[in-house]
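Student: Structure in structure tokens, see below.
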Amino acid sequence: MSAYSRTVRGTGPGLLLAHGAGGGIEANFGPIVEGLAADHTVIGVDYPGTGATPRSEQPLTLDELADQLVGAADAEGVERFAVAGYSLGGAVAVRAAARHPRRVTALVLTATLAEADTRLRLDAEIWRELHASGRYDTLAKFLVSKALSPAALSALTPEELAATVDGTRETVPVGSGDHAELVTRVDVRDDLATVAALGIPALVVSTTADQLVRPALHREVAALLPGARFAELDSGHLPFVERPEEWLDLISGFLKEVEGAAS
């Protein structure tokens, strides 16, 4: 497949962004990308069926997504870089580090998984099936119920809830079901062991009110990276909606520390 559409912002040390299923660089990192770009050359790609990247005719793979992300860095002349992955993008980031270990300086893994458990696999299958059947209203309600924390969901007025569901329905990318299908096949446990053995600095951010990729899955990722730092964020699965400033602070602070130690 040809190169994916990409976003490039800022100057400084390289920072690659890997977005989540059904998202995109703007959708998942938009509220914090300018803050990240203040100190970094930020590069992200949109997966097939998102943004300007055409939908794939073949099942998606982590290898392809990881290599396209690194290929975007190549195209921008960035040799070494940290990788920040959100949700499915965390698995993409880990795979990129395992496949290109000499190039990755650090990992930030937010609301992510090493392997889907039964509940997440079922949710992803429902997501894929609703998308495939064209039941976008029902899919939007399902995603909103899973993505927001219980507190954020309960705080919405009926009018705000309806607007949130409408906005979700209108922005579901054509590749959303393909992304969800990949979630059911994710397994980066061996990759995490490789990353741990290499001693790549890592921060695992757990969104503690996450109803989609539950905190137990975040803790599993951290357990497979014994040297990783672990931080908790009081948010549902969408930290860029519920806690963007705190999320930015966690990422920026960690990267500043890693980059300072390396200089």
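The values are calculated or read from the model by the stated rules, or taken from the named source; none is laboratory data. Here the structure is a predicted model, which is why all the values come from computation and not from measurement. Ideal geometry is used to build each Cβ from the backbone, glycine not excepted, and the neighbour counts take in all protein chains shown. Surface areas here come from the heavy atoms of the whole protein model, side chains and all, with no ligands, DNA or RNA. Shrake-Rupley method; radii C 1.70, N 1.55, O 1.52, S 1.80 Å.
Student: With respect to LEU198, is the statement that it is in contact (Cβ under 8 Å) with a residue 40 or more places away in the chain, of a type outside the set (Ser, Thr, Tyr) and under 18 Å from THR110 (Cα atoms) true? Steps first, answer last, please.
Tutor: Values: in contact (Cβ under 8 Å) with a residue 40 or more places away in the chain: yes; of a type outside the set (Ser, Thr, Tyr): yes; under 18 Å from THR110 (Cα atoms): no.
For LEU198, the condition - in contact (Cβ under 8 Å) with a residue 40 or more places away in the chain, of a type outside the set (Ser, Thr, Tyr) and under 18 Å from THR110 (Cα atoms) - is not met.
Student: A follow-up question, please. Please go through segment 118-143 and pick out each residue that is open to solvent by less than 10 Å² (accessible area, probe 1.4 Å) and free of Cβ contacts under 8 Å to residues at least 40 places away in the same chain.
Tutor: LEU139, ALA140
Student: Could you tell me which residue of segment 7-32 is most open to solvent (accessible area, probe 1.4 Å), considering only residues that are among the β-branched types (Val, Ile, Thr) and touching a strand residue (DSSP E or B) at 6+ places or on another chain (Cβ under 6 Å)? Can you show your working first?
Tutor: Kept after step one, since they are among the β-branched types (Val, Ile, Thr), are these residues of segment 7-32: 7-8, 11, 25, 32.
With the extra rule that they be touching a strand residue (DSSP E or B) at 6+ places or on another chain (Cβ under 6 Å), the set shrinks to 7-8, 11, 25.
On the way: THR7: 34, VAL8: 61, THR11: 104, ILE25: 6 Å².
My answer is THR11.
Student: Picking from ALA98, ALA124, ALA106, ALA140, which residue would you name as being touching a Ser or Thr at 6+ places or on another chain (Cβ under 7 Å) and within 21 Å of PHE254 (Cβ to Cβ)?
Tutor: Working: ALA124 fails: within 21 Å of PHE254 (Cβ to Cβ); ALA106 fails: touching a Ser or Thr at 6+ places or on another chain (Cβ under 7 Å); ALA140 fails: within 21 Å of PHE254 (Cβ to Cβ).
The unique qualifying residue is ALA98.
Student: Condition (residue is in contact with a His (Cβ under 7 Å, 6 or more places away or on another chain), closer than 29 Å to ASP210 by Cα and either among the aromatic types (Phe, Trp, Tyr) or in contact (Cβ under 8 Å) with a residue 24 or more places away in the chain (or both)) applied to segment 104-117: is it met by at least one residue? Quick ask: steps written out before the conclusion?
Tutor: Here is the first cut: in segment 104-117, the residues in contact with a His (Cβ under 7 Å, 6 or more places away or on another chain) are 111-112.
If we keep only those that are closer than 29 Å to ASP210 by Cα too, we end up with 111-112.
From what's left, either among the aromatic types (Phe, Trp, Tyr) or in contact (Cβ under 8 Å) with a residue 24 or more places away in the chain (or both): 111-112.
So far as segment 104-117 goes, yes, one or more of its residues are in contact with a His (Cβ under 7 Å, 6 or more places away or on another chain), closer than 29 Å to ASP210 by Cα and either among the aromatic types (Phe, Trp, Tyr) or in contact (Cβ under 8 Å) with a residue 24 or more places away in the chain (or both).
Student: A further question follows. Across segment 24-58, what is the total count of residues that are at negative phi and touching a His at 6+ places or on another chain (Cβ under 8 Å)?
Tutor: The number of residues fulfilling the criteria is 8.
Student: State the number of residues belonging to segment 30-48 that are within 12 Å of the chain's Cα centre (by Cα) and either under 14 Å from LEU255 (Cβ atoms) or of a type in the set (Val, Ile, Thr) (or both).
Tutor: Our first condition is that a residue be within 12 Å of the chain's Cα centre (by Cα); within segment 30-48, this holds for 44-47.
Subsequent filtering for residues that are either under 14 Å from LEU255 (Cβ atoms) or of a type in the set (Val, Ile, Thr) (or both) retains 45.
Result for segment 30-48: 1.
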